[in-house]
Structure formats: C-alpha cells, structure tokens
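Quick note: the coordinates plus some simple rules give every number you see, no bench work behind them. Please read these numbers as outputs of a predicted model, since none were measured by experiment. Here the Cβ is made from the backbone with ideal geometry for all residues, glycine too, and neighbour counts use every protein chain on show.
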C-alpha cells in the first residue's frame, strides 16, 4: 500500500521538476524570442510547403527558428537536399 503512495509521490515530483525546467527555459529565452513560444509545425503544413517549394538534391535549405527540425528532416528525406537550422529557443530541444 505504501509503495504505491511512494511511487505516486515520485512521479508527481518528477512532473513538478519538468514543469519547473519548462518555466525556467521559457523565462530564459523570452528576451531573445520576444515572447514567441515554440509551437510545432503540422504535417499538413510541411507537406504544403514541400509541394510549393520543390528542391533538387544537394540544394541548401536554411531554416531560421527551426524548432525541432522536423521541416528540415522531411525536406532532406524527400528531396535529398542539405539542411541547416538555427534555433534559440531551448524548449524545442526538450
């Protein structure tokens, strides 16, 4: 019985620590991002972008504010293009 309570408390503490890390990272990057938080790009939008901007193998795509890099990964996989991304927001890596 007490084991389940201990497990619950440990899991709750872990979530609390993760939330604190999220808040800390948000506060850390706000001066650089001017309040813009990380929001991932949907697969539908990525597909629409790739259809609108066809690339050749070896071309370079530079993504400023690439987040988790999902656009770059999909472009690289579909076209064989080179991909380079820059991201200031640490939350994109968590």
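Okay, here's what the table says:
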item	result
Chain lengthening between residue 11 and residue 47 when straightened (0.36 nm per residue, less Cα-Cα)	9.2 nm
Label-point separation in nm, residue 78 to residue 28, each point 7 Å along Cα→Cβ	3.3
222 nm mean residue ellipticity, helices alone, for the chain (DSSP H n ≥ 4; -39,500 (n - 2.57); rounded to 500)	-18500 deg cm²/dmol
Protection proxy ranking of 72-82, 39-49, 5-15 - average other beta-carbon atoms within 10 Å, highest first	72-82, 39-49, 5-15
Reduced Cα scattering model of the range 2-93, Debye log10 I(q)/I(0), q = 0.13 Å⁻¹	-0.60
Cα-based helix-to-principal-axis angle, 70-79 vs the chain, degrees rounded to 10	40
Folded to 0 to 90 degrees: helix 2-33 orientation relative to the chain principal axis, Cα	40
